[in-house]
1. Taking the condition in contact with a strand residue (DSSP E or B) (Cβ under 8 Å, 6 or more places away or on another chain), more than 9 Å from every other protein chain (Cβ to nearest Cβ), crowded, with 17+ Cβ neighbours inside 10 Å and closer than 24 Å to residue B:43 by Cβ, does residue A:31 pass?
2. Determine whether residue B:93 is surrounded by 12 or more Cβ atoms within 10 Å (Cβ to Cβ), at pLDDT 95 or above and within 13 Å of chain A (Cβ to nearest Cβ).
3. Looking at A:65, A:58, can you tell me which residue is over 11 Å from the mean Cα position of the chain (by Cα), within 11 Å of chain B (Cβ to nearest Cβ) and surrounded by 20 or more Cβ atoms within 10 Å (Cβ to Cβ)?
4. Residues in region B:46-53: is at least one under 18 Å from residue A:61 (Cβ atoms) and more than 11 Å from chain A (Cβ to nearest Cβ)?
5. Could you tell me which numbered condition residue B:71 fails, if it satisfies all but one of (1) closer than 30 Å to residue A:77 by Cα; (2) in a helix (DSSP H, G or I)?
6. Pull up region A:68-88, narrow it to residues that are under 16 Å from residue A:22 (Cβ atoms) and in contact with a helix residue (DSSP H, G or I) (Cβ under 6 Å, 6 or more places away or on another chain), then point me to the one that is nearest to the other protein chains (Cβ to nearest Cβ).
C-alpha cells in the first residue's frame with residue numbers, strides 16, 4: 001500500500017504541483033485541478049488516455065467533465081490522503 | 001434550437017425516463033441518473049461510446065466518474081431546461 005506523503009518530500013512535491021496548477025484541498029488530503037481543452041472530443045480523448053494510465057497504476061481519479069473542461073480530484077482512499085500514487089498521476093496528467 | 005418540453009409530452013416522457021432510473025431535479029430543469037459498471041474500464045468505455053453520440057448530437061452531458069460509477073446530469077442550457085435533446089440522449093444512455 002502507498003504511504004501518506006510527509007515532511008520535506010510532501011512539501012517539495014506539492015510546491016512542484018502547485019506550479020503546475022494543482023491546488024491542495026483545505027483538509028490536506030486531496031488535490032484538484034481543472035484541465036481545459038479546445039473541444040469536447042479533445043477533453044474526452046484526454047480522459048481515455050489518462051484513464052488507461054490510471055487503470056495500469058490501479059489508481060483512479062475522481063473527475064467530472066462538462067464540454068471542454070475536466071475537473072480532477074486525486075486522493076488515495078486506502079491511505080486517507082495524498083500518496084506517491086497521487087503525485088505520479090498528477091505529474092502524468094500535467095504533461 | 002430545441003424547445004422546452006411542456007404539457008403531456010413532458011409528463012409522458014419523464015414518466016418513461018423515471019422508470020428507467022432518471023430523476024428530475026427539484027427545479028424541473030435537469031435530470032440525473034447514476035450508471036454503475038463492473039469495472040473502471042467499462043465505465044470509461046461507456047463514456048466514450050456515449051460521448052461520441054453526444055458529440056454527433058452536439059448536445060453534451062455533465063458527468064462525473066469515480067471508479068465504476070458515472071453520474072450524469074442532462075439539461076439544455078440554451079433553453080434553460082429539459083428539451084427533446086435531453087430525452088433523446090437519456091434514452092440512448094438507458095439502452
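1. yes
2. Numbers: surrounded by 12 or more Cβ atoms within 10 Å (Cβ to Cβ): yes; at pLDDT 95 or above: yes; within 13 Å of chain A (Cβ to nearest Cβ): no.
In short, no.
3. Details: A:58 fails: surrounded by 20 or more Cβ atoms within 10 Å (Cβ to Cβ).
Among A:65, A:58, only A:65 is over 11 Å from the mean Cα position of the chain (by Cα), within 11 Å of chain B (Cβ to nearest Cβ) and surrounded by 20 or more Cβ atoms within 10 Å (Cβ to Cβ).
4. First, pick out the residues of region B:46-53 that are under 18 Å from residue A:61 (Cβ atoms): B:46-48, B:51.
Keeping just the survivors that are more than 11 Å from chain A (Cβ to nearest Cβ) gives B:46.
Among the residues of region B:46-53, at least one is under 18 Å from residue A:61 (Cβ atoms) and more than 11 Å from chain A (Cβ to nearest Cβ), which makes the answer yes.
5. (2)
6. Residues of region A:68-88 under 16 Å from residue A:22 (Cβ atoms): A:69-76, A:81-88.
In the following step, the residues that additionally are in contact with a helix residue (DSSP H, G or I) (Cβ under 6 Å, 6 or more places away or on another chain) were identified as A:70, A:74, A:76, A:87.
Working: A:70: 10, A:74: 12, A:76: 13, A:87: 20 Å.
Step by step, filter region A:68-88, then rank; the result is A:70.
The values are calculated or read from the model by the stated rules, or taken from the named source; none is laboratory data. Because the structure is a prediction, the values reported are computed rather than measured. Virtual Cβ from ideal backbone geometry, glycine too; neighbours counted across all protein chains shown.
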